[in-house]
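One structure is given here, and the rest of the page talks about it.
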Amino acid sequence: MTNSDFQGSALTTALTEPVSVSWQSPSNIALVKYWGKKGRQLPVNPSLSMTLSKAVTETKLTAFPRNADGDISLDFWFEGSQDNTFGERMCTFLQSVTDIFPWLAQVNLKLETHNTFPHSAGIASSASAFSALALCLCSLEAELCGVMLSESEFRFKASYVARLGSGSACRSLFPGFTMWGLSKSLPGSSDFLAVPVTEVHPVFETLRDTILIVNQNKKPVSSTEGHSRMTGHPFAEARIKQAGKNTSDLLEALKTGDKHNFCRIVENEAFTLHALMMTSDSAFMLMLPETIYIISRIQEARKEKGLHICFTLDAGPNIHLLYFEDQFEQVNKLIVEELLKNNEQNMRIDDLYGNGPVKTA
Ligand code: DP6
């Protein structure tokens, strides 16, 4: 699959007035981790995530008439202010998809975006940001060039485009559980775009994710940089094999409602991600003492109190505590009385299983 499979049209008549579209798109939390790339933003192993509900990016994209074609012309606004750093990343991304959206060179663009969650809170903002932008691009293309796609073609195209901006973003296009990366365990899976996991026991629709903030500082090593440390990693081959097995085991656990195996696989993946960082060339460690304290308490509480809880981590020190709706009260007590008790930040974000992106205008 290449960009030409998704190639769109150019404008046939010049734009005479501004046209806007808006989307709200969620972040997602990886349960099997994408870690390592090949080719043009393709994953070295399959990954599987849960789409979140409350952590969303709201994006409005407007196309204005332009006199002459040229490079991307972008006016970028983040949280109500012009932002050059993120704007440059967005601009580079838009430049890279002009073969898919030739009309991008024929309009002036204004992109306004804001998040419902604090920056650097351990929520993947690039996943929600690039999925929202990809959806806006596909919608604007429909408005400007009359490209008509079915609902599923539209989502798959948006997933393909989002991937080119940030790998994990391609998984945010669908409700619930989503998989990205070719795997024999899921027919239709692909390295180029994500697909929804549809065989899911209803108990997993009651999953909650409370993010326990340990530290909000900017990460010393970005995810993109972290991925590159997998090239030539001494454990790369074993990791790819393990991710394949964890993916197929997790699909089975999701199908059968097996909470025990779900927790086992999710924690194995979180530990592996951080172990890979710590054993790469120019090794680095993103966990902090508080992270380790909270992980230990979660594991003890699971045994002592018989709770179905587990943790996962992104490429950072903050903990995603996963549990089920029916144990909300006991888990909430644990969070308040033990997990956050000595935590200086003392901050949490309560999120849950989400239903996917929403078109808002
Ligand atoms: C640890 O998708 O942020 O969160 O493709 O370079 O933008 P880029 O990386 P990104 O990597 C996410 C890594 C992860 C695991 C995951 O979400 O699967």
Just to be sure before I move on: is residue 319 among the β-branched types (Val, Ile, Thr), within 19 Å of the chain's Cα centre (by Cα) and crowded, with 17+ Cβ neighbours inside 10 Å in the structure I sent? yes
Within the range 23-46, take every residue that is within 10 Å of the ligand (Cβ to nearest atom) and either charged (D, E, K, R) or assigned to a helix (DSSP H, G or I) (or both) and give me the one that is surrounded by the most Cβ atoms within 10 Å (Cβ to Cβ). 33
Selection within the range 25-83 - among the hydroxyl-bearing types (Ser, Thr, Tyr) and modelled with pLDDT of 95 or more: 25, 27, 34, 47, 49, 51, 53, 57, 59, 62
Criterion first (of a type in the set (A, V, I, L, M, F, W, C) and out of contact with any Ser or Thr (no Cβ under 9 Å at 6 or more places or on another chain)) does residue 63 satisfy it? no
Counting only helices (runs of 4 or more DSSP H) entirely within the range 198-298, those with at least 3 residues that are more than 19 Å from residue 49 (Cβ to Cβ) and away from the ligand (no atom under 16 Å from the Cβ) are 236-256
Identify all residues within the range 194-214 that are buried (at least 21 other Cβ atoms within 10 Å of the Cβ) and among the polar types (S, T, N, Q); write none if there are none. 210
Exactly one condition in (1) within 13 Å of the chain's Cα centre (by Cα); (2) within 19 Å of residue 90 (Cβ to Cβ); (3) buried (at least 21 other Cβ atoms within 10 Å of the Cβ) is not met by residue 171; state its number. (2)
Looking for whichever is farther than 14 Å from residue 43 by Cα and modelled with pLDDT of 95 or more here; the options are 208, 239. Which one fits? 208
Residues in the range 136-166 that are part of a helix (DSSP H, G or I), surrounded by fewer than 22 Cβ atoms within 10 Å (Cβ to Cβ) and hydroxyl-bearing (Ser, Thr, Tyr) total 2
Kindly indicate the residue of the range 275-299 that is of a type in the set (S, T, N, Q) and over 15 Å from residue 315 (Cα atoms) and also surrounded by the most Cβ atoms within 10 Å (Cβ to Cβ) among those meeting that condition. 299
Given 53, 49, 20, 9, which one is surrounded by fewer than 21 Cβ atoms within 10 Å (Cβ to Cβ), touching a helix residue (DSSP H, G or I) at 6+ places or on another chain (Cβ under 9 Å) and in a strand (DSSP E or B)? 20
Residue, nearest to the ligand (Cβ to nearest atom), within the range 151-186, restricted to residues that are small (Gly, Ala, Ser) and closer than 19 Å to residue 355 by Cα: 168
Could you run through the range 333-361 and say how many residues are touching a residue at least 40 places away in the same chain (Cβ under 8 Å) and part of a helix (DSSP H, G or I)? 3
Taking the range 137-184 on its own, how many of its residues are of a type in the set (Ser, Thr, Tyr), touching a residue at least 60 places away in the same chain (Cβ under 8 Å) and out of contact with any Lys or Arg (no Cβ under 9 Å at 6 or more places or on another chain)? 4
Index of the failed condition, residue 192 passing every other in (1) over 20 Å from residue 24 (Cα atoms); (2) away from the ligand (no atom under 14 Å from the Cβ): (2)
Unique residue being closer than 25 Å to residue 321 by Cα and in contact with a strand residue (DSSP E or B) (Cβ under 8 Å, 6 or more places away or on another chain) when the list is 117, 86: 117
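The values are calculated or read from the model by the stated rules, or taken from the named source; none is laboratory data. This is a predicted model, so every value here is computed, not measured. For neighbour counting, all protein chains shown are included, and Cβ atoms are generated from backbone atoms with ideal geometry for every residue, glycine included.
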